[in-house]
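*Asks:* Dumping the structure here so I can ask a few things about it.
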Amino acid sequence: MASAGETARQAERKQIRGRWLLSAPALVIIFVAAIGPLFVMLAYSFMVKGDYGDVKPGQYSLDGWFSVFFQRDIFDDTVTFADAHLSIIWRSLRLSVITTLATLVLGFPTAYFIATRPRHTREVWVFLVTIPFWTNLLIRAFAMQQVIRNEGILNSLLRATGIIDQPLQIMYTDWAILFGMVYVYLPLMVLPLYASMEKLDFRLVEAGYDLYASRLAVLRRIIIPLVKPGIVAGSILVFIPSLGAYVIPRVLGGGKNLMLGNLIELQFGAGRNWPLGAALSIALMAIVMVALLFYVRNAARSGAQHG
Amino acid sequence: MASRPHFDIRRQPGFVAIALFTFAVLYLPIATLVAYAFNASDSVTVWGGLSLRWFVEASRNAAVQDAAWRSFVIATSAATVATIAATMAAIATTRTPPYRGLGFKYAFINQPLMVPEIVTAVALLIVFSRIKVWTGYSGLGYLILAHTAFCIPFAYLPIRARLESMDSSLERAAADLYATPWRAFRRVTLPLLRPGIIAGFMLAFVISLDDVVITEFVKSGGQDTLPTYMLGQIRREVTPEVNAIATAFLALSVLLVTVFFVINRKKA
């Protein structure tokens, strides 16, 4: 009997080894072209910047991390906050939060609308949300540019209706970035919201009305708590790419209204400060990881509640 | 409910209006972009009547042809390699009792989805620029490798979903009939898995075709793909030619996504 157990365990071990071999190509490719470089970048953030970009090999310093938050005066060595960086980080956080809230305000009723359609038409509405989602991000940013620029249809419309007589300068402002991000990331809010609303048990809503709840009370006390996992998932899915946005601020924000993604790019281009760029990238990744961790914990908790 | 027969419990005031507004917001910009692609005039601001002029000009533009071909080569190579690697990984991570390292594999394979693209892009820039100097090679290989990596999770998802919904009794029957593991895989598993593999390939293909950020940072001089070419054009002056390219691109994406939906629906 002992030997039978032994061979079974051996067979199992062999099978697991086979499974590692089978997954090896995927793991190796992702390591070489995604995970590995992140570690190299972490090392770069602790190195001395080269005179024309890159780093000086073998020399280490904390300057990259230091200059994320502070700057040193060239003449008298006084240390002050790096206002330029901090204001860009602040703008990124602010715009991302507003984008998340705006997509929630638009996306929640939209998802509810889809979930309350007759079963056979729901698929069509979901498909209508999916199409823009799969459309190239750059093309969507460019499309938004054509709507909001001074001669665009938004301004033409507002002028034709006599609301304004001078075109609103929206392009190259924070508003342009905001419009672009809300437009681009809306599907990421609607889809997970819809996924949890589809499962909504309307008998609970009915019970609420039977107990003389108002529509607002039903929404606040019954519907929103039940679809909370969808709200959290959608918010995370919108917040994370907003924070790392690069294409949208570049196309709509112009050269002055940078976000974190553009500040990072700048360090690898004209700024020639790779350690700072690397440190900023790691910092961005850290914020994203915290957001994801929050999501995972929240998902686990609500899973424990319902399961 | 008999006492209030017309009371709709599903209604929430204003929700329908906001939903319709949202759909308008989702489609208005794309509609504008497409409309101006058919503009006969030289600018995107003045409407000069319907014409296919800019589609013709774009298709004759050597830089556009070049970029389109490069996009196609990269997307095809990356999606093929990613689909093969993802299929193998999916077989290795489904229909198995949990073993040590399984969770690690999931995290590893999905990692490209978790990290902001700009972060991966600059990390690749750091590493590849070094390697380019060391080896002297600056061909398309870097772009294909980078695209393959971020395509793997997208190819993996539908393939894994398909595998998990598959009945393993047919494969066991094949084994009972003395089929070698390879033969059982070729003749039983693979045909059953085909819809998942096709879906995975298409998803990977679209993701690679769409990529802007990583391509922009990894490409060497003269290696524009269609999206990075458009990015460069948008920065300069804009003629309806960019609209025409974008519209053609859009049509292709919509086509692929529609086919993807149809395949997936047949499965269900």
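*Asks:* Would you pull out the residues with amide H under 5 Å of residue A:82's amide H, same chain only if 5 or more places away, H placed 1.01 Å from N?
*Replies:* A:70, A:71
*Asks:* So if a site counts as exposed when it's one of the trypsin sites (Lys or Arg not before Pro), its DSSP state isn't H, G, I, E or B, and it has at most 16 other Cβ atoms within 10 Å, what's the longest stretch of chain B without one? Intermediate values should be presented prior to the final figure.
*Replies:* On the way: sites that count: B:10, B:11, B:95, B:100, B:236.
Answer from the scan: B:101-235.
*Asks:* Right, another one. Express as a percent, rounded to the nearest 5, the fraction of DSSP beta bridges in the protein assembly as shown (both residues included) that run antiparallel. List each step's numbers first, then the result.
*Replies:* Working: 7 of 8 bridges.
That works out to approximately 90 percent antiparallel.
*Asks:* Give me a comma-separated list of calculated 3J(HN,Hα) values for the range B:85-95, in order, Karplus coefficients 6.51, -1.76, 1.60 applied at θ = phi - 60°, integers in Hz, x for any Gly or Pro.
*Replies:* Ordered by residue, 3J(HN,Hα) equals 4, 5, 4, 4, 5, 5, 5, 6, 10, 10, 6 Hz.
*Asks:* Starting from the Cα of residue B:179, step 7 Å toward the Cβ, then list every residue of the range B:185-227 with an amide N under 13 Å from that point.
*Replies:* Answer for the range B:185-227: B:185-194.
*Asks:* Using the Cα centre as the reference, give the magnitude of the dipole from point charges on the C-beta atoms of the protein assembly as shown (Lys, Arg: +1; Asp, Glu: -1; all else neutral), rounded to the nearest 20 debye. Show your work: numbers first, answer last.
*Replies:* Numbers: 51 positive and 33 negative charges, 403 e Å.
Result for the protein assembly as shown is approximately 1940 debye, rounded to the nearest 20.
*Asks:* Taking the Cα centre of the range A:180-248 as origin, sum charge times position over the Cβ atoms of Lys and Arg (+1) and Asp and Glu (-1), and report the length of that vector in debye to the nearest 20.
*Replies:* On the way: 6 positive and 4 negative charges, 30 e Å.
For the range A:180-248, the charge dipole is close to 140 debye.
*Asks:* Ignoring chymotrypsin sites (Phe, Trp or Tyr not before Pro) that are buried or in helix or strand per DSSP, and keeping those with at most 11 other beta carbon atoms within 10 Å, what is the longest stretch of chain A between them? Write down the numbers at each step before the final one.
*Replies:* Details: sites that count: A:52, A:75, A:212.
Within chain A, the longest run free of exposed chymotrypsin sites (Phe, Trp or Tyr not before Pro) spans A:76-211.
*Asks:* For residue A:47, enumerate residues with amide H under 5 Å from its amide H, sequence gap 5+ or separate chain, H modeled in the peptide plane.
*Replies:* For residue A:47, whose amide H was placed from the backbone, the distant partners under 5 Å are A:61.
*Asks:* Continuing with this model, one more query. Once you keep just the Cα pairs under 8 angstrom separated by 6 or more residues, what percentage relative contact order results for the range A:83-306?
*Replies:* Details: 238 pairs, mean separation 60.4, N = 224.
That works out to 27 percent.
*Asks:* Using +1 at the C-beta of Lys and Arg and -1 at the C-beta of Asp and Glu, which of A:55, A:269, B:27 has the Cα lying farthest in the positive direction of the dipole of the protein assembly as shown?
*Replies:* Towards the positive end, the residue furthest out is B:27.
*Asks:* Let me ask you something else. Put a dot 7 Å past each Cα toward the Cβ at residue B:167 and residue A:133; how far apart are the dots in nm?
*Replies:* Taking the two extended label points, one gets 3.1 nm.
*Asks:* Given B:96, B:67, B:110, which one lies farthest toward the positive end of the charge dipole of the range B:1-142, if we put +1 on the Cβ of every Lys and Arg and -1 on the Cβ of every Asp and Glu?
*Replies:* The listed residue farthest towards the positive side: B:96.
*Asks:* Is the shape of chain A rounded, prolate or oblate, going by the alpha carbon gyration tensor and its root eigenvalues a ≥ b ≥ c, with a/c under 1.5 for rounded and a/b larger than b/c for prolate?
*Replies:* oblate
*Asks:* How big is the charge dipole of the range A:83-306 about its Cα centre, in debye rounded to the nearest 20, if each Lys and Arg gets +1 on its Cβ and each Asp and Glu gets -1 on its Cβ? The partial results should precede the final answer.
*Replies:* Values: 19 positive and 10 negative charges, 60 e Å.
Charge dipole, the range A:83-306, about its Cα centre: 280 debye, nearest 20.
*Asks:* For the range A:2-80, just say rounded, prolate or oblate: build the C-alpha gyration tensor, square-root its eigenvalues into a ≥ b ≥ c, call rounded for a/c under 1.5, and beyond that prolate if a/b exceeds b/c, oblate if not. Kindly include the intermediate steps, with their values, before the conclusion.
*Replies:* Working: a/c = 5.38, a/b = 3.67, b/c = 1.46.
Prolate.
*Asks:* Next question. Given the options B:259, B:169, B:246, identify the residue whose Cα lies farthest towards the positive end of the charge dipole of chain B (+1 on Cβ of Lys, Arg; -1 on Cβ of Asp, Glu).
*Replies:* After comparing all options, I get B:169.
*Asks:* Hey, for a label at residue B:95 modelled as a point 7 Å past Cα toward Cβ, could you say which residues of the range B:145-164 have their backbone N under 13 Å away?
*Replies:* B:160-164
*Asks:* Quick one: of A:49/B:219; A:14/B:132; B:105/B:132; A:256/B:219; A:49/A:256, which pairs are farther than 28 Å apart, Cα to Cα? Intermediate results must be reported in sequence, preceding the final value.
*Replies:* Numbers: A:49/B:219 23 Å; A:14/B:132 40 Å; B:105/B:132 30 Å; A:256/B:219 25 Å; A:49/A:256 25 Å.
Checking Cα-Cα distances, A:14/B:132; B:105/B:132 exceed 28 Å.
*Asks:* Moving on to the next point. Cα gyration tensor of chain B, axes a ≥ b ≥ c as square roots of the eigenvalues: rounded (a/c below 1.5), prolate (a/b > b/c) or oblate?
*Replies:* Details: a/c = 2.04, a/b = 1.19, b/c = 1.72.
Oblate, because a/c is 1.5 or more while a/b does not exceed b/c.
*Asks:* Sticking with this one: Could you derive backbone 3J(HN,Hα) for the range B:20-37 from the dihedral phi with the Karplus parameters 6.51, -1.76 and 1.60 (θ = phi - 60°), listing whole Hz in sequence and x where the residue is Gly or Pro?
*Replies:* 5, 4, 4, 5, 5, 4, 5, 9, 4, x, 5, 4, 4, 4, 5, 4, 6, 5
*Asks:* Can you tell me the FRET efficiency between residue B:47 and residue A:81 if r is taken as the Cβ-Cβ distance and R0 is 41 Å, rounded to the nearest 0.05? Working shown, then result.
*Replies:* Working: r = 50 Å, r/R0 = 1.22.
About 0.25, to the nearest 0.05.
*Asks:* Quick one, could you list the DSSP H helices from chain A stretching 20 Å or more along their long axis (Cα atoms) with average Kyte-Doolittle hydropathy of -1.0 or above?
*Replies:* Working: long enough: A:2-30 (41 Å, -0.06); A:83-115 (46 Å, 1.12); A:119-134 (23 Å, 0.38); A:174-197 (32 Å, 1.48); A:228-243 (22 Å, 1.54); A:274-306 (47 Å, 1.10).
Flagged H segments are A:2-30, A:83-115, A:119-134, A:174-197, A:228-243, A:274-306.
*Asks:* Let me ask another. At 10 °C and 1.306 mPa s, grab the translational diffusion coefficient of the protein assembly as shown from Stokes-Einstein with a Kirkwood Rh over Cα pairs, rounded to a whole number in µm² per second.
*Replies:* For the chosen part, D equals 60 µm²/s.
*Asks:* Taking amide H atoms as placed 1.01 Å from N in the peptide plane, list the residues 5 or more away in sequence, or in a different chain, whose amide H sits under 5 Å from that of residue A:55.
*Replies:* Residues meeting the criterion, in which the H sits 1.01 Å from N, are A:50.
*Asks:* Got a sec to turn the phi values of the range A:214-219 into Karplus ³J(HN,Hα) couplings, 6.51 cos²θ - 1.76 cosθ + 1.60 with θ = phi - 60°, whole Hz, x for Gly and Pro?
*Replies:* With the stated coefficients, the range A:214-219 comes to 7, 4, 5, 5, 4, 4 Hz.
Read-outs throughout are calculated quantities, based only on the coordinates presented, and are distinct from any laboratory measurement. All figures in this text were calculated on a predicted structure; none of them were measured in a lab. Here the Cβ is made from the backbone with ideal geometry for all residues, glycine too, and neighbour counts use every protein chain on show.
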